[in-house]
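Below is one structure, written out as structure tokens; the observations come after it.
The values are calculated or read from the model by the stated rules, or taken from the named source; none is laboratory data. What you are looking at is a predicted structure, and each value in this text was computed from that prediction instead of being measured. Note that each Cβ is placed from the backbone with ideal geometry, even for glycine, and that neighbours are counted across all protein chains shown.
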There are 2 protein chains.
Amino acid sequence: MIQKINRMSLVEQVAAQIEELIQSEQWTVGAKIPPETELMEQFAVSRNTLREAIRALVHAGLLETKQGSGTIVRSKNTLDAALKKYVKKATMLETVDVRIALEKQAAELAAHHRTDQDLAQLEASIKACQQAAEQDDVDQFIASDINFHKAVVHAGNNQLLIQLYEPLTEVLYAFIQDIITLDKPFQYEEGLHTDLLDAIRTQDAEAAAHYIESYLKIVKENVMTMMEE
Amino acid sequence: MIQKINRMSLVEQVAAQIEELIQSEQWTVGAKIPPETELMEQFAVSRNTLREAIRALVHAGLLETKQGSGTIVRSKNTLDAALKKYVKKATMLETVDVRIALEKQAAELAAHHRTDQDLAQLEASIKACQQAAEQDDVDQFIASDINFHKAVVHAGNNQLLIQLYEPLTEVLYAFIQDIITLDKPFQYEEGLHTDLLDAIRTQDAEAAAHYIESYLKIVKENVMTMMEE
DNA sequence: ATGGCCCAATCATCCTACAACTTTTAAAAG
DNA sequence: CTTTTAAAAGTTGTAGGATGATTGGGCCAT
């Protein structure tokens, strides 16, 4: 059996290797990578070739270059960057509907697959929400609330779903902030969280999906009223 | 309010312009773009700068270069390429669960927002399935079936959701082929499609979600039995 | 300490040259 | 005239060098 020769261009090879370095966390997010001159030697390619590879990853959102300063690792994967770009362009209403879709499914999966560790994480998130609420710390509360929802999605144990969900949260952060601060003197209804937690704990998928739905229905209504203004 | 100075590099500017050309279909998918020498003049930048811009878009999956031949437009948007890459790496089980999440939500939305045009498209897809089934044309049937599900998602009228769903279908195509050809002498249960169509027509969101769920549960079970082998 | 200046490091852009590959053209062979 | 072969032209890939622009740190005078 004769195989086709895999003729990857040098640029692609270099880019793939750098991606691998980032993926394996040998180059960690936030860290500065070696300067061009050094990388030229290490990869044994010309300046042009190296720069094209780096530029490709910069455009993909994995790296960020600053003239005069250097190049740093910005993100671990491409999908995250691409999704963020798209979510930003989408309307808030569409984003919420997608969030409902993903989070509902995640909650059902969580009810099936949740581990003791997942439950502990969920409880910790709820406790953080309580504390933030007691101290009237709105920012902290939003962060904790989002952490709770992230924990639900993580408990679902579906990597692809997690990858898709993650970028949504960041975009929603600013929005939720608006709702809470604008809408009403913010008060924490703990029941929304604990009901969901109980459903996941007792592995009642149907109830878990129901609670997510009723919670996000409120969010959706807030979005729609905001759009009317 | 002080704004940051927008200091876009030449490469970014060129890349953005090319992306725009592709997005606006002035450069259509499959068509060959002008050679480097020509683009250098048009953008009034050096070859390096132009090449870095093109390379970024090649890496993103929008363009494809072949040495000695030229560069062609490969895809209209970045998300599609990035998602495909990720979905390919994900397990089939995870992919199916994500598909359930998106398609269920889309079906509910479709029940609310469907237009007469959407209904006509759904009916046409069902008819195509029937014809393919009568002629025992498996490939054609799978294509028609996928078209039906795409039509459902499109009827949901959520661009972000559509963007996320689209890449899943391609990956699932080959898989569905395996199920049908391998599992049993393939027979078309028209009820699955018509029930869903009726639910969407009568705007019964709950029933629509239910039919999607029961349909995809079968798919999921097939995936799980295949994985055991 | 503060502000201004210089200097080294680093990325940005441009240029030229050549190699590798593809397509077209034209010549040569039948 | 058709087919084959070879040359030529066109296009992308890689290399190396040169200069400009920006950043960050160190030095010095105030």
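What the table below lists for this structure:
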quantity: Count of residues meeting criterion [surrounded by fewer than 22 Cβ atoms within 10 Å (Cβ to Cβ) and within 14 Å of another protein chain (Cβ to nearest Cβ)] in region A:105-146; calculated: 2
quantity: Enumeration of residues in region A:31-74 that are within 7 Å of DNA strand C (Cβ to nearest atom) and at positive phi; calculated: A:Gly68, A:Gly70
quantity: Qualifying residue in region B:18-27 (condition: under 29 Å from the mean Cα position of the chain (by Cα) and among the hydroxyl-bearing types (Ser, Thr, Tyr)); calculated: yes
quantity: Residue count for region B:40-72, restricted to those that are within 14 Å of B:Gln13 (Cα to Cα), touching a residue at least 12 places away in the same chain (Cβ under 8 Å) and not acidic (Asp, Glu); calculated: 9
quantity: Enumeration of residues in region A:166-206 that are among the acidic types (Asp, Glu), surrounded by fewer than 15 Cβ atoms within 10 Å (Cβ to Cβ), modelled with pLDDT of 80 or more and not in a helix (DSSP H, G or I); calculated: none
quantity: Subset of region A:47-79 (residues that are more than 9 Å from chain B (Cβ to nearest Cβ) and among the acidic types (Asp, Glu)); calculated: A:Glu64
